[in-house]
Every structure is written in C-alpha cells, then in structure tokens.
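Written out below as structure tokens is the structure these notes cover.
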C-alpha cells in the first residue's frame with residue numbers, strides 16, 4: 001500500500017465533504033484548500049487537478065478498506081467471524097466508495113483507463129482475501145458451497161448490489177447487516 005502523507009489525507013477528507021455537499025463541478029481547489037487549512041498551492045503540490053485528486057481519493061479509500069480488513073481478521077480463528085468482520089468494514093467503507101464513484105461519473109474526459117488498472121489490482125487482492133476466507137470455511141465444514149470462487153462471487157455480488165440499491169434509490173431502505181447475515185446463511189448451506 002502506498003504511504004500517504006498527513007496533508008494528502010486531510011485534503012481527501014476536505015474534498016470528500018465538499019464534493020458531497022456541493023458536487024464536483026461546484027467545488028473549487030481554493031475551497032478545498034481553505035477547508036483543509038492550507039494554501040491553494042499546497043493542494044497543487046499533491047494533485048495536478050481535481051480529477052487527479054478524486055482518482056487518488058478512490059485508490060486511497062479502496063486501499064484503506066482492504067488494509068483494514070486484512071489487519072482486522074488477523075488472529076481470528078473462525079472463517080464465519082472473519083467474513084462478518086470484512087462485511088462490517090465493507091458496509092462502513094462501501095457507501096463512501098460508491099458516493100465517490102458517483103462523483104467520478106460527473107467528470108468529463110476523465111482518464112478512467114489509468115484508474116481502472118489501479119482499482120482492478122486492489123479489488124483483485126480483496127477478491128483473493130475473501131476467497132481465502134471462504135475456502136478456509138469450506139475446509140472446516142462451516143461453509144457449504146461447491147467452489148470457493150462461487151461463494152466469493154455470492155458475497156461480493158450481493159454486497160455490491162445491495163449497497164448500490166441503498167445508495168442510488170433513496171426511497172428504498174436496505175439493511176446491510178441483514179444482507180450480510182443472509183449471505184453468511186447462504187454460504188453455510
């Protein structure tokens with residue numbers, strides 16, 4: 001994982017708040033700098049543009065969520081409990097990531113190919129981690145699925161779809177904790 005400097009993280013936090021309140025196009029680098037308590041030039045020392053800031057913010061969010069999951073399940077014996085911990089982190093972090101992706105969609109001429117490779121690498125690590133937990137659960141006769149990859153797709157697909165419904169349809173309420181328990185029940189067979 002890339003090491004982030006404190007100012008970068010503070011800029012991400014300020015930008016996130018402003019983008020969430022005002023939208024991408026109506027937020028200026030000057031406003032981000034002011035909210036962070038630094039000069040506008042300092043923001044440009046870290047990021048060439050708002051587009052680059054958003055790109056790096058997404059990578060930061062994904063890397064942090066993955067690293068938090070890896071650290072949180074160390075020393076946990078039960079694969080079921082590991083999956084529950086990963087799920088809670090996904091729930092806490094997932095909504096922020098979806099909102100950030102929504103901001104990305106507002107950016108014209110954004111270099112999505114460059115970001116695509118970075119995002120894929122992090123998501124692949126996450127996939128492998130979850131598949132390992134499910135495989136461990138299968139070996140301990142806790143999870144009853146035919147292949148660990150199928151259980152991984154069940155987990156990731158259901159969680160991602162439920163978060164999207166929760167985020168993009170304001171009239172519908174999705175209880176993510178119930179969704180997580182539903183997935184675990186299905187994996188147990």
Unmet requirement for residue 152, which otherwise passes all of (1) exposed (fewer than 12 other Cβ atoms within 10 Å of the Cβ); (2) at pLDDT 95 or above: (1)
Filter pass, residue 43 being touching a residue at least 12 places away in the same chain (Cβ under 8 Å) and under 17 Å from the mean Cα position of the chain (by Cα): no
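The values are calculated or read from the model by the stated rules, or taken from the named source; none is laboratory data. Note that the structure is predicted; figures quoted are calculated from it, not measured. Methodologically, a virtual Cβ is constructed for each residue, glycine included, from the backbone with ideal geometry; neighbour enumeration extends over all protein chains shown.
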